[in-house]
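A.B. asks: The structure's right below; bear with me while I get my questions together.
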Amino acid sequence: MAESWAAMRTAPRRTVIAESLLCALTASFGLVPLLLVRPDRPALAVLEALWATLLVAARRDRPVAAVLGVSPLLVGHNIWTLAAVALVVLSATRRVAPTRRAWQVVGTACVAVAPLTVVQVIPRWEDLPVELAGNAVSVVLLLLLPALAGTLLGRRRLLVNLLRERNSYLEQARSLSASTARLAERNRIAGEMHDLLGHRLSLISVHAGALELAAARQAPPLSGQAELLRTTAGTAMEELREILGVLRHADLADESGSDRGTREDIAALVAESRRAGGVIELDWSVPDSAVVGGRTRQAIHRVVREGLTNVLKHASGAPTRVEVRSAGGGTEVSVTNGVPRTEGRSQGGTHSGLAGLQERISLLGGAFEAGAAPNGGFRVAAWLPSQEQQEEGVHAYAGTAVTPPTDALRPVSGATGQGGQGRQAGQGGSRSPLSDEILTWPRVLGAGCASVLVILPTVGYLMFLLLTASLR
C-alpha cells in the first residue's frame, strides 16, 4: 500500500486525474443502477462494486493481483461490475511480462471461477449446470478474450519501443554524418586559408621587420610606422591561427559569455543545484592572480555543469564535491558524488554529454576522466593546460591528483553510469539498428488491429448483458 501511494505521488498529474476519474466512474457504474433495480443481495452487490473500483485502481501497480481478483466478480450478483472485469483484464495483462506468465495468471483466475460457482449455488444444486455454463461463457468472453487483446497490445508496446529506439539511432547517425561533413568542409576551408593567407602574412611580417631595422638606421621618423606595420602583421597572424583552430575543430566558443568559468560563475552553478535539492560543496583554490584563458574557463563551466546535471538526474540527494584547483601547471576541475541517500534506480543515459566533454577537453590538449568512484559514487574530472601550454601544443597529462588508469581515456560512451547504476552504451545509449524482420510496420499495426477484433465479441456480450439487466 505504501509503494502504491508513493507511485501515485510521483506519477504525472494528468495520470492521477485520469485514474481518479476512472475509479469514480467505475464506482458510479456499479452503484447507481442498484438504486433503480434492487438486487437479491444488496449488501453483496455494493461490496462487489467497491471491489471492482479497487481492482481498477490496482491494475497498473499490481497487475497480477488485479487479474486474480476478478474471479469473484464473474460469479457475483452485481452484473454492472462485469464491464470493469474486461477493463481490468485488458489493462493488467498488458503490463505482465513475459506473455507466458500473463497466461498463467489468467489460467489461475479461470480455474478459480469453478469452485466459486459451486460455493454460490450450494443452496440450489439443481441450478449448478446452468450456472456453470453461464459462467463458462463469461470466462471466455470477459476473461480470455480481453487477456488475448491485452497480451497483443503488450507485445505491440514492445515493438513500438524498439521502433522508437531504432529511429533514435538513425537520427543520431544522421546527425553524426552531417557533423562529419561539416567538419570536413571546415577543414578544407581552413587548409585553403592557411595556404593562401598564412604564407602572405608571414612574408609581410618578415619584410616589415626588415623595413623596421632599415628605417631605424636610415629614416628614424619612419621607424614608428614600420613597427606598427610589423605588429599589425603579427596580430593578424595570431587572429588567423584562432580562426583556423575554430574551423578545424568544434566551435569552442559556443558559450560566448566572458564570465563563464569564473569563481562567481561556478558558485552560481552550485547555488542553483542546491536550490534544486542537491547537497553540494564547492572548493575553489585557483589563485586570483592565475591567468586562465577564455577557452579554459568555458571548459571549466561545461565540466561543472555536466557533472552537476548528471548528479541531479542520476544520483539526486547524494553528497557532492566540486573542486577547481591548480595542478601540474594547469587547472584541474572535478565533480565527485557519493551514493544517493534515497533509494532510486537510475535509468541511465546515452553518455553524449560526457562524450562531448571528452572531445572538448582533448581539443584543448587536456585529459578527461569519468567513471565509478571507489565509494560507490561517480567522478567526472578534467585537467586543462595553461594558455602557454596550449599554444605550445602540450597534449600530455601533467596533473598529479587526477591519475586516470590506462583505459580511462577510452571513448566515454562505454563509461559506467552515475552511481554505478547506469547501463552500458549498448543498453542505455545508441545500439545497432535492429533487424527489419523484427521491426516492421505491419507487425506494429497488426497487433493493435488484432486486439480490436478480439475485443469486439466482449463488447457485444457486455452490451447484451447490460441491456438485459436494464429491461428487467
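A.B. asks: Quick check on the range 358-371: of everything there that is of a type outside the set (S, T, N, Q) and assigned to a helix (DSSP H, G or I), which residue is modelled with the highest pLDDT?
C.D. replies: ILE361
A.B. asks: Quick one: TRP125 ticks every box in (1) under 25 Å from PRO42 (Cα atoms); (2) in contact (Cβ under 8 Å) with a residue 12 or more places away in the chain bar one, so which box is it?
C.D. replies: (2)
A.B. asks: Does the range 157-180 contain at least one residue that is touching a residue at least 24 places away in the same chain (Cβ under 8 Å), under 22 Å from ALA58 (Cα atoms) and within 26 Å of the chain's Cα centre (by Cα)?
C.D. replies: Looking through the range 157-180, at least one residue is touching a residue at least 24 places away in the same chain (Cβ under 8 Å), under 22 Å from ALA58 (Cα atoms) and within 26 Å of the chain's Cα centre (by Cα).
A.B. asks: Look at ARG59 and say whether it is of a type in the set (Lys, Arg), crowded, with 18+ Cβ neighbours inside 10 Å and without any contact (Cβ under 8 Å) to a residue 60 or more places away in the chain.
C.D. replies: yes
A.B. asks: If you don't mind, there's one more thing I want to ask. Is there a residue being among the hydroxyl-bearing types (Ser, Thr, Tyr), surrounded by 13 or more Cβ atoms within 10 Å (Cβ to Cβ), modelled with pLDDT under 80 and not assigned by TED's automatic domain parsing to the domain that holds ALA318 anywhere in the range 205-217?
C.D. replies: Scanning the range 205-217, I find at least one residue that is among the hydroxyl-bearing types (Ser, Thr, Tyr), surrounded by 13 or more Cβ atoms within 10 Å (Cβ to Cβ), modelled with pLDDT under 80 and not assigned by TED's automatic domain parsing to the domain that holds ALA318, so the answer is yes.
A.B. asks: Restricting attention to the range 331-357, and to residues there that are modelled with pLDDT of 85 or more and not polar (S, T, N, Q), which single residue is surrounded by the fewest Cβ atoms within 10 Å (Cβ to Cβ)?
C.D. replies: Among residues in the range 331-357 that are modelled with pLDDT of 85 or more and not polar (S, T, N, Q), the one surrounded by the fewest Cβ atoms within 10 Å (Cβ to Cβ) is GLY338.
A.B. asks: Could I ask something else about it? Of the numbered conditions (1) surrounded by 11 or more Cβ atoms within 10 Å (Cβ to Cβ); (2) out of contact with any Asp or Glu (no Cβ under 8 Å at 6 or more places or on another chain); (3) at pLDDT below 85, SER4 satisfies every one except a single condition; which is it?
C.D. replies: Failing condition for SER4: (2).
A.B. asks: Something else about it: Here is a check on your reading of the model: is GLY150 modelled with pLDDT of 90 or more and not in a loop (DSSP other than H, G, I, E, B)?
C.D. replies: No; evaluated as a whole, the condition is false for this residue.
A.B. asks: Taking the conditions exactly as written (under 19 Å from GLY353 (Cβ atoms) and surrounded by fewer than 21 Cβ atoms within 10 Å (Cβ to Cβ)), does ARG321 satisfy them or not?
C.D. replies: Answer is no for this residue.
A.B. asks: Just to verify a result, which residue in the range 181-213, among those that are more than 23 Å from GLY234 (Cβ to Cβ) and basic (Lys, Arg), is nearest to the chain's Cα centre (by Cα)?
C.D. replies: ARG182
A.B. asks: Out of the residues in the range 274-308 that are modelled with pLDDT of 80 or more and of a type in the set (Gly, Ala, Ser), state the one that is farthest from the chain's Cα centre (by Cα).
C.D. replies: SER285
A.B. asks: Then there's this: Residues in the range 181-205 that are in contact with a Gly (Cβ under 9 Å, 6 or more places away or on another chain) and free of Cβ contacts under 8 Å to residues at least 24 places away in the same chain: how many?
C.D. replies: 0
A.B. asks: Okay, moving on. Which of (1) under 16 Å from ARG379 (Cα atoms); (2) at pLDDT 80 or above does LYS313 not meet, given it meets every other one?
C.D. replies: Among (1) under 16 Å from ARG379 (Cα atoms); (2) at pLDDT 80 or above, the lone unmet condition for LYS313 is (2).
A.B. asks: Looking only at the range 118-131, how many residues end up being part of a helix (DSSP H, G or I) and surrounded by 15 or more Cβ atoms within 10 Å (Cβ to Cβ)?
C.D. replies: Summing the residues that are part of a helix (DSSP H, G or I) and surrounded by 15 or more Cβ atoms within 10 Å (Cβ to Cβ) in the range 118-131 gives 2.
The values are calculated or read from the model by the stated rules, or taken from the named source; none is laboratory data. Keep in mind that what you see is a predicted model, and the values were worked out from it rather than measured. Here the Cβ is made from the backbone with ideal geometry for all residues, glycine too, and neighbour counts use every protein chain on show.
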